[in-house]
Amino acid sequence: MAAGHGLFYPVLGFASCMVFIYMSFGGDVKVKLNFNKAPKLDFVERNGTQFVVNGKPFYINGWNSYWLMDHAVDEYTRYRVGSMLQAGSKMGLTVCRTWAFNDGTYNALQISPGVFNERVFQALDYVIAEARQNGIRLLLSLVNNLQAYGGKTQYVKWAWEEGIGLSASNDSFFFDPSIRDYFKHYIKTILTRKNTISGIRYKDDPTIFAWEIINEPRCITDASGDTLQDWLEEMSAFVKSIDKHHLVTVGLEGFYGPKSPKRLTVNPEEWASRLGADFIRNSQIPNIDFASVHIYPDQWFKKFAFEDKLKYLSKWMLSHIEDGDKELMKPVMFTEFGLSNLNKDFEPSQRDRFYRTIYDIIYKSAKKGGAGAGALIWQYLVEGMEEYNDDFGMVPWERPSLYSLVVRQSCRLARFEGVTQQQGSLKALCKQRQ
């Protein structure tokens, strides 16, 4: 698992400073966006192994900025949200993945089960409205398997504190009926939320590309996968019962389960089949519209040389695209990928090669109408965000060769699309490169 997947909190002194500024200036999130001038967006749908917009193929080049809602809460950091989304648009990126959760921690959206901070909710309203202004769609994740920003551990803690929890194990998030009810209430509140800026309910807003049920789910107390499978079936059906418009994905890392033959040939090592998740089985659930996969060979193989990591990367991606084409008949999105700068042999040029390999595989799949639907970089930030960075993060314009590589991918994928929400700006962007 990649280090840093939103694991970094502000240091205590920084948090205290934020509290002071809020106490000084306070108030709700008041934003003036000319929403009537926002680009027209249509819902992304699925047709077999492809995403489509108005019946035309839609291939995704995008990124992760998990921190958007958190930074939209306070006026003095809110500008970073617009800066990041504008930068993404200028690179021709079309989807940003970000957290639509913060449970019981600093700047919590959900303070306790069913109790929400309206000020933070207005920050999420702002993120969605600002994304629309920039022609960016959002992949919104609803809970974390990890402890960062609360996660399933916080839900279990709440149940335990109320004296109704069945188990202190954080995997009880998946099987405790009371905790399931907590999470369903959360889902319903998010999906039916009316945006205070746009006036559109989240479930009716095409700015949202899709819902991701949980970031990197693992249920190690049941390696058979039955517990997680049951939970995913219930939660994906619940989302669809409220929201008929949006696509839904799991949020998987992509490991093959104990009954899959690929556990021996494609999984990094034997441990990967014992995590309670199964790429094929989980992704086959009828209410799951597309499969999600993460790419971190340098975290899975600490002793591999860079060239070996590149070889494995290709094998990993091609295996999952093949599954999308032949087994699942659904699109496959690589929703996180990155290369750590803490690797012993790390050189900045390695990221160029790593990204290019990923982009080329996506491009080749798209060229033949295959299931490789897109990839999202982990992660992008803007200047002055060191406390939110990890060993994968970067400010995109600080390395011109990488920036150029990303723009090139946006333009390559745009050739396969019809008229999309960004066609005008993409045309202008790509014309400059000819």
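The values are calculated or read from the model by the stated rules, or taken from the named source; none is laboratory data. Source: prediction; values computed, not measured. Heads up, the Cβs are rebuilt from the backbone with ideal geometry, glycines too, and the neighbour counts pull from every protein chain shown. Heavy atoms of the whole protein, side chains included, go into the accessibility calculation; ligands, DNA and RNA do not. Shrake-Rupley method; radii C 1.70, N 1.55, O 1.52, S 1.80 Å.
Counting only residues that are open to solvent by less than 20 Å² (accessible area, probe 1.4 Å), closer than 24 Å to Pro286 by Cα and aliphatic (A, V, I, L, M), segment 307-321 holds 2 of them. Return yes when Met69 is under 28 Å from Glu387 (Cβ atoms), in contact with a Ser or Thr (Cβ under 8 Å, 6 or more places away or on another chain) and free of Cβ contacts under 8 Å to residues at least 60 places away in the same chain and no when it is not. It is true that Met69 is under 28 Å from Glu387 (Cβ atoms), in contact with a Ser or Thr (Cβ under 8 Å, 6 or more places away or on another chain) and free of Cβ contacts under 8 Å to residues at least 60 places away in the same chain. The set of residues in segment 301-328 that are under 20 Å from the mean Cα position of the chain (by Cα) and among the hydrophobic types (A, V, I, L, M, F, W, C) comprises Leu313, Trp316, Met317, Ile321. Could we say that Ala129 is in contact (Cβ under 8 Å) with a residue 40 or more places away in the chain, in contact with a Phe, Trp or Tyr (Cβ under 8 Å, 6 or more places away or on another chain), aliphatic (A, V, I, L, M) and open to solvent by less than 10 Å² (accessible area, probe 1.4 Å) here? Taking the combined requirement at face value, the residue satisfies it.
Search segment 386-399 for residues being in contact (Cβ under 8 Å) with a residue 60 or more places away in the chain and over 19 Å from the mean Cα position of the chain (by Cα), and hand back the single one that is most open to solvent (accessible area, probe 1.4 Å). Within segment 386-399, the match that is most open to solvent (accessible area, probe 1.4 Å) is Trp397. Tell me whether segment 98-117 contains one or more residues that are within 18 Å of the chain's Cα centre (by Cα), part of a loop (DSSP other than H, G, I, E, B), hydroxyl-bearing (Ser, Thr, Tyr) and closer than 30 Å to Asp323 by Cα. No, every residue in segment 98-117 fails to be within 18 Å of the chain's Cα centre (by Cα), part of a loop (DSSP other than H, G, I, E, B), hydroxyl-bearing (Ser, Thr, Tyr) and closer than 30 Å to Asp323 by Cα.
The condition (being of a type in the set (Phe, Trp, Tyr) and in a helix (DSSP H, G or I)) is satisfied by just one residue among Phe354, Phe334: Phe354.
None of Gly324, Gly374 is open to solvent by less than 20 Å² (accessible area, probe 1.4 Å), outside any loop (DSSP other than H, G, I, E, B) and on the phi > 0 side of the Ramachandran plot except Gly374.
Residues that are more than 21 Å from Arg351 (Cβ to Cβ) and surrounded by 18 or more Cβ atoms within 10 Å (Cβ to Cβ) were ranked within segment 400-434; the one that is modelled with the highest pLDDT is Ala414. Test Phe173 against the stated conditions and say whether it is outside any loop (DSSP other than H, G, I, E, B), of a type outside the set (Gly, Ala, Ser), within 22 Å of the chain's Cα centre (by Cα) and over 25 Å from Pro206 (Cβ atoms). Yes, satisfied.
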